[in-house]
Amino acid sequence: MACASVETREMRVVNVVCMKWGDLYGPEYVNILYAMVQRQLGLPFRFICFTDQPKGLNGLIEVQPLPAFKEPSEPYRRICQAWRKLALFRTDLASMRGKVLFLDLDVVLLNCIDTLFSHSDKFSMLENWYQPGKHIGQASVFCFEAGRWQYLLDEYEKNPDGIAAKYKTEQAYIAQRLGLENCHFFPEGWCLSYKKHVMPSGLPKFWVQEYARPTGAKIVVFHGRPNPPDAIAGRWGRGFSWYKRWNKPIKPCVWLANDWRE
């Protein structure tokens, strides 16, 4: 069932954007993200994928080239490969106006996301679940006014390596540079981590056979391994040693297939 908007005033078109570069994620991730947004957003929207690989994308998706961006040097790129997200703050990018919601390709939308756009007039993002109280963001999901935060990009481009050395990741840079007065975190429970909040921890991880679908959550975020299709199949995917696989058993998540789909 599609999300029914509760907005009563005249609704403006909002922007939902994602970025795809390299070959880590195939076009199906973009197509499924678009389908989830169609189901879970009741506001009129423009869906844009910034990419250098448009092949295989749904024809209804607006495809834009990756914005020009100066990456930090190799030592810093190994620590964080997501600095390119800062390019979204460029003024007049793709002629976007109004609110912009960025979504990573590996998030799963569970419920209506309309309120992510109206939560705050400031920059809104997740608080990093593993560093609570330190005002460090998690940039899998963030919402902002188009063209308002160009100075974040300007300051970075003047000294990419210096910014990367100081902040380590783009999400820490965004949250800490904006500060408490300009960066608001989404309410706790809106956006959850699959590994931290859906998969059990401690001893129950060895005997729990089914994972409960989070009640009230809007988005489940996948960071690192597994990715959504691996989680559905009950596997970690590449890059996990035998010890980690034994110490962190994973079970198939059946209900997830009903959400992560075209």
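The values are calculated or read from the model by the stated rules, or taken from the named source; none is laboratory data. What you see is a predicted model; the values in this text were computed from it and never measured. Positions of Cβ are generated from backbone atoms using ideal geometry, with glycine treated the same way; all protein chains shown enter the neighbour counts.
Here residue 202 qualifies as loosely packed, with under 14 Cβ neighbours inside 10 Å, at pLDDT below 95, farther than 29 Å from residue 96 by Cβ and not β-branched (Val, Ile, Thr).
Within the range 236-244, one or more residues are of a type outside the set (Phe, Trp, Tyr) and not in a loop (DSSP other than H, G, I, E, B). Checked against the criterion of being in contact (Cβ under 8 Å) with a residue 40 or more places away in the chain and more than 26 Å from residue 190 (Cβ to Cβ), the candidates 66, 57, 110, 101 yield just one match: 66.
Do the conditions hold for residue 34, that is, is it hydroxyl-bearing (Ser, Thr, Tyr), modelled with pLDDT of 95 or more and in contact with a strand residue (DSSP E or B) (Cβ under 6 Å, 6 or more places away or on another chain)? Yes: the conditions hold for residue 34. Scanning the range 124-147 for residues that are part of a loop (DSSP other than H, G, I, E, B) and free of Cβ contacts under 8 Å to residues at least 60 places away in the same chain, we see that the one that is nearest to the chain's Cα centre (by Cα) is 128. Considering the conditions (1) in the same structural domain as residue 142 (by TED's automatic domain parsing); (2) within 30 Å of residue 255 (Cα to Cα), residue 92 is excluded by exactly one of them, (2).
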